[in-house]
Amino acid sequence: GARQHLELCNESLMLEKLPACGKSFEEMMKKVDSKKWCNLTEFIMYYDNFTQCTEREANNASCFWPNPLAEGFITGIHKQFFSNCTLERVHWEDPPDEILITLILIPVMLTCAMITLVVWCSKRSDIL
């Protein structure tokens, strides 16, 4: 029979190669105004290249992707570039009573109407 050859993840090789991905991303991010670093549309292509690079380097080292070491590296890049991009908390408020009552009553009334229709049709099944 044929023997399967399993390659083990070379974590040290992967950790040696990942910084090149980070350096490339850093160079590309220099083209983006730092005030726009929280707007993904400004650098989505650069970020895509970065993630593809980390995946390629992990695969070249016979490691699956993502893995805890690669995730740790990616998290470090996120902290470096996106630590100030926290979302502000949204303050939720109830709608005015008129709207709230309407939003509650419409489904209740539709449910009652559907039940009435089903009962009425089932009683008239001999005619249909």
>> Exactly one condition in (1) surrounded by 12 or more Cβ atoms within 10 Å (Cβ to Cβ); (2) in a helix (DSSP H, G or I) is false for CYS38; which is it?
In response: (2)
> Do we have any residue at all in the stretch 22-31 that's open to solvent by 70 Å² or more (accessible area, probe 1.4 Å), without any contact (Cβ under 8 Å) to a residue 60 or more places away in the chain and not in a loop (DSSP other than H, G, I, E, B)?
Replying inline: yes
> Which residue out of GLU26, GLU88, GLU93 is at pLDDT 95 or above and either farther than 30 Å from GLU7 by Cβ or in contact with a Pro (Cβ under 8 Å, 6 or more places away or on another chain) (or both)?
Replying inline: GLU26
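The values are calculated or read from the model by the stated rules, or taken from the named source; none is laboratory data. Worth saying up front: this structure is predicted, and the values here are computed from it rather than measured. FYI the Cβ positions are ideal-geometry reconstructions off the backbone, even for glycines, and counts take in every protein chain you see. Areas reflect the complete protein model, heavy atoms only, side chains present, ligands, DNA and RNA absent. Shrake-Rupley method; radii C 1.70, N 1.55, O 1.52, S 1.80 Å.
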